[in-house]
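Engineer: I'd like to ask you about the structure that follows.
The values are calculated or read from the model by the stated rules, or taken from the named source; none is laboratory data. Predicted, not measured: the structure shown is a model, and the values here were computed from it. Please note: Cβ atoms are built from the backbone with ideal geometry, for glycine as well, and neighbour counts cover all protein chains shown.
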Amino acid sequence: MHVSGEPSFRESVDLMFNRAVKLMDMSPGLEQKIRVCNSTYTVRFGVRLRGKIETFTGYRSVHSEHMEPVKGGIRYALSVNQNEVEALAALMTYKCALVETPFGGSKGGLCIDPRAWDEHELEQITRRFAYELIKRDLIHPAQNVPAPDMGTGEREMAWIADQYARMNTTDINAKACVTGKPPHAGGIQGRVEATGRGVQYGLREFFRYPEDVAKAKLSGSLDGKRIIVQGLGNVGYHAAKFLSEEDGCKVIAIIERDGALVNDAGLDIEDVRQWMNRHDGLMAGYPDAKHVADGAALLEEACDILIPAALEGVINMSNAARIKAPLIVEAANGPVTFGADEILRAKGVVIIPDMYANAGGVTVSYFEWVKNLSHIRFGRMQRRAEEARHILLVEELERLSKEKGVSWTMSPGFKDKYLRGAGELELVRSGLDDTMRTAYQAMREVWHGREDVEDLRVAAYIVSISRVAATYRSKGL
């Protein structure tokens, strides 16, 4: 959505970058080097479908190669354009630096409506797009590693990985050319849920600091907080599901392309998702909630936490002044425009910025890439050793209690939980939780430690830009 008088998505990212750089001591040359997008490749390719040749336009943009490989999703949508892909690639650079994954930033997109094609047609299109990128090293385990984004998922990543392997038959690390693959095709447990899980962990970390919660005019814990989620795709669904099922939050509204569902008592996310799966992704007719045709109006409803988890620019200069949520979590990329950001900050709204809030995806993608390069799943070597050590301790405690004649019992379930060694999923979640906590603390230090930094977004940019700058300086730039 573009409102007149408002900068484009690409300009928005640059303006936010400029706000942060003004507060940093950096040479204009280095500042320019970090800001600009290194390269964008545009490909137009034909695929014979339904008896005629269809031509598709795709992009792969590389924003920064201060570290390689560069990393970033591939998006399938009719709205894909160069401006958007370059903005998303820039965000990937800053996001990877903020959560300390050793990647530069990249992004890709194909201008296509994935719903308009059958599965076998999509496979032909995806493989041809992948072929065009692979032969230019724009998909490569050591140079450029894509992942899923809007309109793509495990299936498309498996096709891309297979296409790369067909073209590089002797590359032992071929599987590491892309992340977000299905677990049986070199993927990792917990990748599908990762971005939504990261939103949950990020919010939990925010709520560990009462003074940060107070800045958002809220108090207490996540329990009972009223949430509105925009977009029930992969990210919105998992974030809403985990926050409602595990943290006691109430999701009072979900906004989707065919309007919104509202229920003040809280929606059953799993039930809504199942309904949408059975009804072509539409929510209308869902029995346990009120359906509102004008979904966008729900962004302006009163709630504790607003989670935009779909497209960029949904909160803009045309509606920002009417937003009532005191805390916004940017689960999508760029959902709040630069103009809206100015309005919301003036109102005292706290925004947990996209480059932090949705970094769970790239974090677990990093774990998957490492797994592919090491050719062994996490936990395979140490899990049983961990269990054996725990058994030793429990048996010794039980022996001592018998010897001393002390009568005690462990609480139900404790023994099973304690004795179970961590498998891949537990290790992935542990690594993600640690990453989200550490990154929040780095942002928070700047947010609270500097008089001239008034919000988390600028703090996030300062942390990430300074890390990118340090890498460039170490290269002698």
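Engineer: Identify all residues within the stretch 215-249 that are basic (Lys, Arg) and either surrounded by fewer than 19 Cβ atoms within 10 Å (Cβ to Cβ) or in contact (Cβ under 8 Å) with a residue 60 or more places away in the chain (or both); write none if there are none. Write out each step before concluding.
Structural biologist: Filtering the stretch 215-249 down to residues basic (Lys, Arg) leaves 215, 217, 225-226, 241.
Within the stretch 215-249, LYS215, LYS217, LYS225, ARG226 qualify.
Engineer: Right, another one. Take ALA442 and decide whether it is under 23 Å from ALA216 (Cβ atoms), out of contact with any Ser or Thr (no Cβ under 8 Å at 6 or more places or on another chain) and without any contact (Cβ under 8 Å) to a residue 40 or more places away in the chain. So that I can check it myself, show each step before the final result.
Structural biologist: Details: under 23 Å from ALA216 (Cβ atoms): yes; out of contact with any Ser or Thr (no Cβ under 8 Å at 6 or more places or on another chain): yes; without any contact (Cβ under 8 Å) to a residue 40 or more places away in the chain: no.
No; evaluated as a whole, the condition is false for this residue.
Engineer: Can you pull out the residues in the stretch 214-234 that are more than 13 Å from ILE328 (Cβ to Cβ), aliphatic (A, V, I, L, M) and out of contact with any Phe, Trp or Tyr (no Cβ under 6 Å at 6 or more places or on another chain)?
Structural biologist: ALA214, LEU232
Engineer: Something else about it: Please pick out the residue among TYR41, TYR59 that is hydroxyl-bearing (Ser, Thr, Tyr), crowded, with 17+ Cβ neighbours inside 10 Å, in the same structural domain as GLY153 (by TED's automatic domain parsing) and part of a strand (DSSP E or B).
Structural biologist: Result of the check over TYR41, TYR59: TYR59.
Engineer: Could you list, in sequence order, all residues of the stretch 229-241 that are assigned to a helix (DSSP H, G or I) and within 15 Å of the chain's Cα centre (by Cα)?
Structural biologist: Residues of the stretch 229-241 that are assigned to a helix (DSSP H, G or I), as a first pass: 234-241.
Residues satisfying the conditions are ASN234, VAL235, GLY236, TYR237, HIS238, ALA239, ALA240.
Engineer: Being among the charged types (D, E, K, R) and either assigned by TED's automatic domain parsing to the domain that holds GLY180 or under 30 Å from GLN32 (Cα atoms) (or both), is that true of even one residue in the stretch 405-422? I'd like the intermediate steps shown before the answer.
Structural biologist: Here is the first cut: in the stretch 405-422, the residues among the charged types (D, E, K, R) are 415-417, 420.
Subset that is either assigned by TED's automatic domain parsing to the domain that holds GLY180 or under 30 Å from GLN32 (Cα atoms) (or both): none.
Checked against the condition, which is being among the charged types (D, E, K, R) and either assigned by TED's automatic domain parsing to the domain that holds GLY180 or under 30 Å from GLN32 (Cα atoms) (or both), the stretch 405-422 yields no hits at all.
Engineer: Additional query: Quick one: is ARG10 at pLDDT 95 or above and under 26 Å from CYS111 (Cβ atoms)? Let's see the steps before the verdict.
Structural biologist: Numbers: at pLDDT 95 or above: no; under 26 Å from CYS111 (Cβ atoms): yes.
When the stated conditions are applied, ARG10 does not pass them.
Engineer: Residues that are closer than 24 Å to SER79 by Cβ and among the acidic types (Asp, Glu): does the stretch 253-271 have at least one?
Structural biologist: Scanning the stretch 253-271 turns up at least one residue that is closer than 24 Å to SER79 by Cβ and among the acidic types (Asp, Glu).
Engineer: Check whether at least one residue in the stretch 78-93 is closer than 22 Å to ALA470 by Cα and either part of a strand (DSSP E or B) or of a type in the set (Ser, Thr, Tyr) (or both), and report yes or no.
Structural biologist: yes
Engineer: Hey, any hits in the stretch 205-228 for a residue that's outside the structural domain of ARG155 (by TED's automatic domain parsing), among the β-branched types (Val, Ile, Thr) and in a strand (DSSP E or B)? Steps first, please.
Structural biologist: Taking the stretch 205-228 and keeping what is outside the structural domain of ARG155 (by TED's automatic domain parsing), we get 205-228.
Retained after the next criterion (residues that are among the β-branched types (Val, Ile, Thr)): 213, 227-228.
Filter once more, so that each one left must be in a strand (DSSP E or B): 227-228.
Checked the stretch 205-228: at least one residue is outside the structural domain of ARG155 (by TED's automatic domain parsing), among the β-branched types (Val, Ile, Thr) and in a strand (DSSP E or B).
Engineer: I would also like to ask the following. Just name the residue that is surrounded by the most Cβ atoms within 10 Å (Cβ to Cβ) out of those in the stretch 4-28 that are in contact with a helix residue (DSSP H, G or I) (Cβ under 9 Å, 6 or more places away or on another chain) and basic (Lys, Arg).
Structural biologist: Here the residue is ARG10.
Engineer: Could you grab me the full set of residues in the stretch 138-184 that are farther than 17 Å from GLY104 by Cα, assigned to a loop (DSSP other than H, G, I, E, B) and out of contact with any strand residue (DSSP E or B) (no Cβ under 8 Å at 6 or more places or on another chain)?
Structural biologist: The answer is GLY153, ASN168, THR169, THR170, ASP171, ILE172, ASN173, LYS181, PRO182.
Engineer: Can you report the number of residues in the stretch 36-67 which are charged (D, E, K, R) and at pLDDT below 95?
Structural biologist: Narrowing the stretch 36-67 to residues charged (D, E, K, R): 44, 48, 50, 52, 54, 60, 65.
Still in the running and at pLDDT below 95: 65.
Qualifying residue count for the region: 1.
Engineer: Right, another one. Out of the residues in the stretch 135-180 that are among the hydrophobic types (A, V, I, L, M, F, W, C) and surrounded by fewer than 18 Cβ atoms within 10 Å (Cβ to Cβ), state the one that is farthest from TRP369 (Cα to Cα).
Structural biologist: Here is the first cut: in the stretch 135-180, the ones among the hydrophobic types (A, V, I, L, M, F, W, C) are 138-139, 142, 145, 147, 150, 157-161, 165, 167, 172, 174, 176-178.
Narrowing the set further to residues that are surrounded by fewer than 18 Cβ atoms within 10 Å (Cβ to Cβ) leaves 142, 165, 167, 172.
Details: ALA142: 10, ALA165: 15, MET167: 19, ILE172: 13 Å.
Among those that are among the hydrophobic types (A, V, I, L, M, F, W, C) and surrounded by fewer than 18 Cβ atoms within 10 Å (Cβ to Cβ), it is MET167.
Engineer: Taking the stretch 247-283, which residues are of a type outside the set (D, E, K, R), in a loop (DSSP other than H, G, I, E, B) and more than 23 Å from ARG115 (Cβ to Cβ)?
Structural biologist: Step one: list which residues in the stretch 247-283 are of a type outside the set (D, E, K, R), which gives 248-249, 251-255, 259-263, 265-267, 269, 272, 274-277, 279, 281-283.
Going one step further and asking which of them are in a loop (DSSP other than H, G, I, E, B), we end up with 248-249, 263, 265-267, 279, 281-283.
Those that are of a type outside the set (D, E, K, R), in a loop (DSSP other than H, G, I, E, B) and more than 23 Å from ARG115 (Cβ to Cβ): GLY248, CYS249, ASN263, ALA265, GLY266, LEU267.
Engineer: Quick one: in the stretch 335-360, of everything that is of a type outside the set (Gly, Ala, Ser) and assigned to a loop (DSSP other than H, G, I, E, B), which residue is nearest to ALA253 (Cα to Cα)?
Structural biologist: Here is the first cut: in the stretch 335-360, the ones of a type outside the set (Gly, Ala, Ser) are 335-338, 341-345, 347, 349-356, 358.
Now restrict to residues that are assigned to a loop (DSSP other than H, G, I, E, B): 335, 337, 349, 353, 358.
Numbers: PRO335: 18, THR337: 22, VAL349: 20, PRO353: 21, ASN358: 20 Å.
Looking at the filtered set, the residue picked out is PRO335.
Engineer: How about the stretch 409-477: which helices (runs of 4 or more DSSP H) wholly inside it have at least 3 residues that are β-branched (Val, Ile, Thr) and over 30 Å from HIS390 (Cβ atoms)? Before the answer, list the steps.
Structural biologist: Details: elements: 414-419, 424-449, 456-474.
Ranges flagged: 456-474.
Engineer: Also, quick follow-up: Please go through (1) in a helix (DSSP H, G or I); (2) under 24 Å from ASP149 (Cβ atoms) for ALA332 and return the number of the only condition it doesn't satisfy.
Structural biologist: Unmet for ALA332, out of (1) in a helix (DSSP H, G or I); (2) under 24 Å from ASP149 (Cβ atoms): (1).
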